[in-house]
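Below is one structure, written out as structure tokens; comments come after it.
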Amino acid sequence: MRPVVPLVSRMSAAEQAEWLAVFRERIPECEVKPLNDMTTLERSATKVAIVANPEPSDLRQLPALVWVQSLWAGVERLVSELDGMPLSIVRMTDPQLAETMAEAVLTFTLYLHRDVPGYRKQQAQRIWAERAHCLPQDRTVGILGLGNLGTLAARRLRANGFKVAGWSRTPQTVDGVECYFGPDGLDAVLSIADILVVLLPLTNETRGLLDARRLSLLPKQAGLINFARGAIVDVSALTQALDDGKLSHAVLDVFAREPLPADDPLWGHPNVTILPHVSAPTTPSTASLIVAENLSRYFATGEIPAAVDRQRGY
Ligand code: NAP
């Protein structure tokens, strides 16, 4: 008999149906179904669930649950909401997601590098004027976070001629990238980053990390790209730095509250580009292969994939 694996999520019915269809095709060795469709017997035998921001109360209906496979790469909500539940949390680490993020980082680094926001403003005023031009090799991009996403983004930027400096919690090495780590390393990266890209997880240590003091360390007219989590950046300090002309422009894909409320002043800020959390969406066709691989290995060998360190928060 095929093992039954619940999909536990707060997705819309349509979104859930799309995932179930992909799982049916890609994971034939399991029967993936919504929690509500499971019998009491199936629930009591369940050791692994596929989750996407599940209600903790739903997971409590699975008394034998040992681990959860998240469909999302960011797991701060799972880590905090499942506090006290002794489960292994496995996050989505899809190489395609890293490719998609690297593409987004390159796109918006070039957007700032070639001063597209400045030319948009000139166009609105019908101004024909050349703005300052800089070569990529004279521009340093700082990347906060050298994990799955930050490392590939750093390589993509290097391949496009930028100088790249990266920052992580523990020492890392990436070819051609000046790597820093720890609190002192952060100040060093900030002081040289003409464009700063945030690709850190949201944890107790990174919440509010980019405050007024740290933003003030960036070179004058630096740009900021936040593709990680909104709460890592102090938005009022950022707005102040943009208003003061200390920073030139911010590209924000993530916000402390999403969707960004319609009356939020960020929407109308002339030096802010807003994206609706789209820099690297999970792609069902490739993410389902990762889930399939993890589940197949688990059912064949009992091996649980590398899990989030709950203490560390990522
Ligand atoms: P990851 O592989 O876990 O890498 C995290 C990196 O951040 C590591 O280099 C880690 O350092 C570093 N880090 C963590 N805490 C730190 C601290 N206190 N000080 C310095 N460095 C620290 O994560 P990932 O897969 O690259 O993803 C990063 C984040 O991107 C996710 O958590 C998620 O929030 C976000 N994301 C956003 C989107 C989107 O569409 N906007 C999509 C996917 C993911 P070490 O190397 O020393 O461990």
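Summing charges over all other residues whose Cβ lies under 12 Å from the Cβ of Met11, with Lys and Arg as +1 and Asp and Glu as -1, gives -2. Kirkwood hydrodynamic radius of the chain, from the reciprocal of the average inverse Cα-Cα distance over all distinct pairs: 21.1 Å.
Computed over protein heavy atoms with a 1.4 angstrom probe, the accessible surface ordering of His133, His269, largest first, is His133, His269.
Net charge in the neighbourhood of His277 (other residues with Cβ under 9 Å of its Cβ; Lys, Arg +1, Asp, Glu -1) is -2. For segment 1-81, state what percent of all Cα-Cα pairs lands in each successive 10 Å bin, counting from 0 Å until the bin that includes the largest distance. Pairs per bin, as whole percents: 18, 55, 27, 1.
Using the Karplus relation 6.51 cos²θ - 1.76 cosθ + 1.60 with θ = phi - 60°, the per-residue 3J(HN,Hα) values for segment 236-243 come to 6, 5, 5, 4, 4, 5, 6, 5 Hz, with x marking Gly and Pro. Placing a label point 7 Å from the Cα of Asp83 along the Cα-to-Cβ direction, the residues of segment 34-67 with a backbone N closer than 20 Å are 53-60. Of the three principal axes defined by the Cα atoms of segment 97-274, the extents in descending order read 48, 35, 30 Å. Accessible surface of Lys121, taken over heavy atoms with a 1.4 Å probe and every protein chain present, rounds to 90 Å².
Note on segment 1-42: Rg/Rh from Cα positions, Kirkwood definition for Rh, rounded to two decimals, is 0.96. The number of Lys pairs in the chain with C-alpha atoms less than 28 Å apart, excluding pairs fewer than 8 positions apart on the same chain, is 7.
The values are calculated or read from the model by the stated rules, or taken from the named source; none is laboratory data. This structure is a prediction, so every number in the text was calculated from the model and none was measured. Cβ coordinates were reconstructed from backbone atoms using ideal geometry, including for glycine residues, and neighbour counts include every protein chain displayed. Keep in mind that these areas ignore ligands, DNA and RNA; they rest on the heavy atoms of the full protein, side chains included. Shrake-Rupley method; radii C 1.70, N 1.55, O 1.52, S 1.80 Å.
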